[in-house]
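As structure tokens, the structure follows; a few thoughts come after it.
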Amino acid sequence: MTTDEKHVETRQEAKLFFSRFLLEWYHIQKRDLPWRRHRNPYYIWISEIMLQQTRVDTVIPYFNRFIERFPTVEALADAPEEEVLKCWEGLGYYSRARNLQHAAKQVKENYGGQVPDDRDAVFGLKGVGPYTAGAILSIAFNRPEPAVDGNVMRVLSRYFLIEDDIAKGPTRVKMEKLAAELIPEGEAGSFNQALMELGALICTPKSPRCLPCPVMEHCAARLAGCEASLPVKTKAKPPRPEERLAALVEGRGEHAGRVLIRQRPASGLLARMWELPHWPAPPAEPGGGSGALLPEAAALDRLRRSMSQAGIHARPEEHWMAAEHTFSHIVWTLQVYRCREEAVLPLAAESRAVYLAAPAGRGDSAMAVDADAAQAAAQPQAAALQADEQPALFDSGDAAADAADSGALRWINREDMANYAFPNVFLKLLNSYFEQ
DNA sequence: AATGCGGGGTC
DNA sequence: GACCCAGCATT
């Protein structure tokens, strides 16, 4: 027997050992999770979308609320998008929610409301990529497809001592081939979940718990003593900082007790979510140092101009608090200022005509205000002047949203918050404000 | 192949 | 504070 053949035999034995003992361990140790209590393909699908880049403990309450509110594919397909977003509020990566509903419509219309069980059909659903397709096919239908996520790549890179960079595309393909070879006959669903369960509970990113690991005996990285340095993964580049000025505008008169919120554009960052209006802060004076806070007067002035340009008639009064919000690629530092709505001035005849021609209000608290149109119509020259007064554009990662500044504005009270989906940072700010 | 896209837990 | 998590869409 040549060395090569001996190596192959050893590796083959290592694979068989791995599959057998991992599966045995899983049957004993698997967690009781809501989506494991039934074999409902819709539940599996929802859970897999929610679990993208998100931990199990975070997902559980969202999953339970979601299937209560949208028990079937059809219920999800027919729901208003705002309700789906509201159900996703705080979970992050909101395009998942919109893609999921898009896919629910696909399933309703193309597959009679039944989650399809063939590879091409599942893969064709919006928001379903290589991992999620494999997860749905194997867990819901026990099809022998690999489901390779970050956990699986970590486990396999250690057990088989694979030093490929898991951030690279080809590495995932390689891992999928390996994972497919490991699936025991008729056990695809359990085996794929076992791999991920091991990654989540035992073979963790830092300080893996090797002693209770069911496959430690043949783990190549453990045997070589390099389990802590695997997997190899190139570092993500750090998020860029962005200083922004936010307005918490308190209404007067008919808006008393309400604050002004704005809806974000339909695409891009936090698409269609609601927020406190905010704008890039101009860079602090060079003399102040890079991290220097904008002087209060300059910030108030800047905010006043931004609001005016956005058609918001309000006066910034005082700094309220700072808030930080970290995305994977941006870090916002929001300086929030309390502002007061200004008394509405008598409208010019020209703008009154536009105002009266506008559609009738849709109820009190939920009445939309097309601020830009109203402002542009009411004060076209003022708007132009103010635009001219603006300092030269400085770097903003949110340039499109800032330039368009097109979101609908609404005055809401505490109870209205139940009808709008907010990113967590604004949820916390608004809750904090209304609690006072 | 690289980048945009949330939010939170862990060490 | 650094990492990274049951990734996908877009370019």
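Of the accessible area of the stretch A:3-229, computed with a 1.4 Å probe over protein heavy atoms only, carbon and sulfur atoms account for 49 percent.
At 4 °C and a viscosity of 1.567 mPa s, what translational diffusion coefficient does Stokes-Einstein give for the stretch A:3-229, taking Rh as the Kirkwood radius over Cα pairs? Give it in µm²/s as a whole number.
70
Ordering A:181-191, A:147-157 by mean Cβ neighbour count within 10 Å, with the highest value first, yields A:147-157, A:181-191. Its Cα gyration tensor gives the stretch A:120-210 an equivalent ellipsoid; the semi-axes, largest first and in whole Å, are 21, 15, 12. Heavy atoms of the protein only, probe of 1.4 Å, neighbouring chains included. What is the accessible area of A:H27 in Å², nearest 10? Roughly 100 Å² of A:H27 is accessible to a 1.4 Å probe.
Rounded to the nearest 20, the size of the Cβ-charge dipole of the stretch A:3-229 about its Cα centre is 460 debye, with Lys and Arg at +1 and Asp and Glu at -1. Here the peptides A:311-318, A:62-69, A:128-135 are ranked by packing, the mean other Cβ count within 10 Å, and the order with the highest first is A:128-135, A:311-318, A:62-69.
The values are calculated or read from the model by the stated rules, or taken from the named source; none is laboratory data. Keep in mind that this is a model prediction, so the values were computed, not measured. Every residue, glycine among them, receives a Cβ derived from its backbone with ideal geometry; neighbour counts consider all protein chains shown. To get the accessible areas, we keep the full protein, side chains included, count just its heavy atoms, and leave off ligands, DNA and RNA. Shrake-Rupley method; radii C 1.70, N 1.55, O 1.52, S 1.80 Å.
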